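Participant: Take a look at this one; I'll ask things after.
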Amino acid sequence: MSDLILPLLICGIVTVGLFRKTPVFSVFIRGAREGLDTALGILPSLLALLTAVSMLRASGAIECLAHLLGPVLAKVGIPAETLLLILIKPFSGSGALAAGADILREFGPDSFIGRVAAIMLGSSETTFYTIAVYFGAAGVTKTRYAVPAALAADAAAFLMAALTVRLLG
Amino acid sequence: MLDKIWVFILLISVIFGFISGKAGELGSAAINGAGQAVTLVIGLTGALCFWQGMMAVMRECGAAAALARVLRRPVGLLMKKTRENARAMEAVCANISANLLGLANAATPFGIEAAKALSDGGETANDDLCMLVVINSASLQLIPSTVAALRASLGSAAPYDILPCVWLTTLVSQATGIAAALLLAKIQRNTRAASPLYGVKRSRLPLLRKKSAR
């Protein structure tokens with residue numbers, strides 16, 4: 001079933017595009033060009049943060065932290081190895097990507113830990129960045145309950161990431 | 001924010017490295033990390049470009065507009081102001097549909113416009129603005145293209161097989177955020193109603209007492 005999602009989606013998008021008289025090829029090319037900018041755009045910050053995460057792993061701090069807080073996370077079913085990712089994600093998207101890449105490289109992208117980390121990355125946002133940008137734009141300084149509600153959503157995402165891998169594989 | 005996080009991680013690494021006696025490995029780890037970042041981005045670029053291209057086609061053929069139309073009703077339910085303010089409705093729907101399609105670059109300007117339209121102009125956030133921020137601070141993305149590309153570049157057998165898990169997780173996360181926002185809004189209103197002194201000027205107090213006595 002999930003093998004078919006992607007090919008069907010791709011075919012569906014371009015077929016609908018063609019039927020609606022969209023110049024699908026040139027539009028695709030324009031979008032892909034933007035992707036190049038995105039990739040180039042994330043490189044510097046990813047480089048800075050992956051350097052830091054790589055040093056953190058080499059220092060043994062990640063393992064130690066996972067060892068210390070592991071039992072707490074294990075109680076709710078989250079693998080301790082994803083701790084750094086969980087801690088960084090609300091603050092920095094490229095930091096979380098760096099931590100996630102580190103986890104996937106260390107444990108393999110198809111391992112349980114790797115899958116949980118990937119789902120965490122794919123189903124959460126950079127909470128504090130979003131809060132800062134939107135409230136900043138509106139000139140709001142008293143955010144009332146927005147931060148706890150947003151963090152509740154993050155916590156749910158992290159819990160569900162581990163739970164769904166256990167249930168759905 | 002990133003300044004502090006970055007320096008903090010680097011400092012911890014060095015301090016911890018000395019404690020654990022692994023300080024000698026830090027230098028090569030730093031250079032390796034930088035190298036890995038480049039390899040990583042090269043590995044991600046193909047899929048990233050592909051999905052941006054696909055999503056551009058979707059936007060161009062009206063999928064984003066169609067999504068925005070579908071969103072009008074739920075958005076109206078969640079944010080009162082969008083029911084009477086057409087500009088706010090338009091911006092919120094455009095923001096959410098761009099997010100769903102993974103067009104982060106397009107979503108943020110719409111979101112900023114929506115935040116301005118929803119705001120009352122004061123320095124305290126109203127319920128609508130809080131709801132917008134909570135929805136945006138949880139994920140909305142349908143295709144987690146970067147993560148899938150990351151898995152693919154590291155040799156995953158089926159990088160997109162996490163899709164069902166991601167969708168379910170995203171759904172539960174959004175539902176939790178929205179439920180928490182509604183619940184906390186209600187709690188705050190109730191505690192305010194329970195303490196008539198909350199945020200009220202002294203000159204208005206007698207009037208308020210009369211009201212609460214009724």
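Participant: Sort out which residues of the stretch B:111-121 are surrounded by fewer than 23 Cβ atoms within 10 Å (Cβ to Cβ) and either touching a residue at least 40 places away in the same chain (Cβ under 8 Å) or at the interface with chain A (Cβ under 8 Å from one of its Cβ atoms) (or both), and write them in order of number.
Facilitator: Taking the stretch B:111-121 and keeping what is surrounded by fewer than 23 Cβ atoms within 10 Å (Cβ to Cβ), we get B:112-113, B:116-117, B:120-121.
Across the stretch B:111-121, the qualifying residues are B:Ile112, B:Lys116, B:Gly121.
Participant: Now for a different question. Which numbered condition in (1) more than 25 Å from A:Ile13 (Cα to Cα); (2) without any contact (Cβ under 8 Å) to a residue 24 or more places away in the chain is the only one that B:Cys61 fails?
Facilitator: With (1) more than 25 Å from A:Ile13 (Cα to Cα); (2) without any contact (Cβ under 8 Å) to a residue 24 or more places away in the chain applied to B:Cys61, the lone miss is (1).
Participant: Do we have any residue at all in the stretch A:70-78 that's open to solvent by 20 Å² or more (accessible area, probe 1.4 Å), at the interface with chain B (Cβ under 8 Å from one of its Cβ atoms) and not in a helix (DSSP H, G or I)?
Facilitator: Initially, the stretch A:70-78 is screened for residues open to solvent by 20 Å² or more (accessible area, probe 1.4 Å), giving A:71-76.
In the following step, the residues that additionally are at the interface with chain B (Cβ under 8 Å from one of its Cβ atoms) were identified as none.
No, there is no match, as no residue in the stretch A:70-78 is open to solvent by 20 Å² or more (accessible area, probe 1.4 Å), at the interface with chain B (Cβ under 8 Å from one of its Cβ atoms) and not in a helix (DSSP H, G or I).
Participant: Further question on the same structure: May I ask you to list the residues in the stretch A:110-153 that are in a helix (DSSP H, G or I), within 7 Å of chain B (Cβ to nearest Cβ) and within 12 Å of the chain's Cα centre (by Cα)?
Facilitator: A:Arg115, A:Ala118, A:Ile119, A:Leu121, A:Gly122, A:Thr127
Participant: Got a number for residues in the stretch A:33-48 being more than 7 Å from chain B (Cβ to nearest Cβ) and in contact (Cβ under 8 Å) with a residue 40 or more places away in the chain? Reasoning before the result, please.
Facilitator: Initially, the stretch A:33-48 is screened for residues more than 7 Å from chain B (Cβ to nearest Cβ), giving A:33, A:37, A:40-41, A:44-45.
Applying the additional criterion that residues be in contact (Cβ under 8 Å) with a residue 40 or more places away in the chain yields A:45.
The number of residues fulfilling the criteria is 1.
Participant: The conditions are (1) in contact with a Ser or Thr (Cβ under 8 Å, 6 or more places away or on another chain); (2) over 22 Å from A:Leu167 (Cβ atoms); (3) among the β-branched types (Val, Ile, Thr); (4) open to solvent by less than 10 Å² (accessible area, probe 1.4 Å), and A:Val53 fails exactly one of them. Which is it?
Facilitator: With (1) in contact with a Ser or Thr (Cβ under 8 Å, 6 or more places away or on another chain); (2) over 22 Å from A:Leu167 (Cβ atoms); (3) among the β-branched types (Val, Ile, Thr); (4) open to solvent by less than 10 Å² (accessible area, probe 1.4 Å) applied to A:Val53, the lone miss is (1).
Participant: Which of the residues spanning the stretch B:122-156 are more than 7 Å from every other protein chain (Cβ to nearest Cβ) and among the acidic types (Asp, Glu)?
Facilitator: Across the stretch B:122-156, the qualifying residues are B:Asp127, B:Asp128.
Participant: Another question, then. Return yes when A:Val53 is within 12 Å of another protein chain (Cβ to nearest Cβ), of a type in the set (Val, Ile, Thr) and in a helix (DSSP H, G or I) and no when it is not.
Facilitator: Values: within 12 Å of another protein chain (Cβ to nearest Cβ): yes; of a type in the set (Val, Ile, Thr): yes; in a helix (DSSP H, G or I): yes.
It is true that A:Val53 is within 12 Å of another protein chain (Cβ to nearest Cβ), of a type in the set (Val, Ile, Thr) and in a helix (DSSP H, G or I).
Participant: Same structure, new question: For A:Tyr129, state whether it is open to solvent by less than 50 Å² (accessible area, probe 1.4 Å) and of a type outside the set (Val, Ile, Thr). Spell out the reasoning first.
Facilitator: Values: open to solvent by less than 50 Å² (accessible area, probe 1.4 Å): no; of a type outside the set (Val, Ile, Thr): yes.
When the stated conditions are applied, A:Tyr129 does not pass them.
Participant: Now for a different question. Hey, can you tell me all the residues within the stretch B:144-157 that are open to solvent by 10 Å² or more (accessible area, probe 1.4 Å) and part of a loop (DSSP other than H, G, I, E, B)?
Facilitator: Of everything in the stretch B:144-157, those that are open to solvent by 10 Å² or more (accessible area, probe 1.4 Å) and part of a loop (DSSP other than H, G, I, E, B) turn out to be B:Leu154, B:Gly155, B:Ser156, B:Ala157.
The values are calculated or read from the model by the stated rules, or taken from the named source; none is laboratory data. From a predicted model like this one, the values you see are computed outputs, not experimental measurements. No Cβ is skipped: glycine too gets one built from the backbone with ideal geometry, and neighbour counts run over all protein chains shown. Side chains are part of the model used for accessible areas, which takes the heavy atoms of the whole protein and leaves out ligands, DNA and RNA. Shrake-Rupley method; radii C 1.70, N 1.55, O 1.52, S 1.80 Å.
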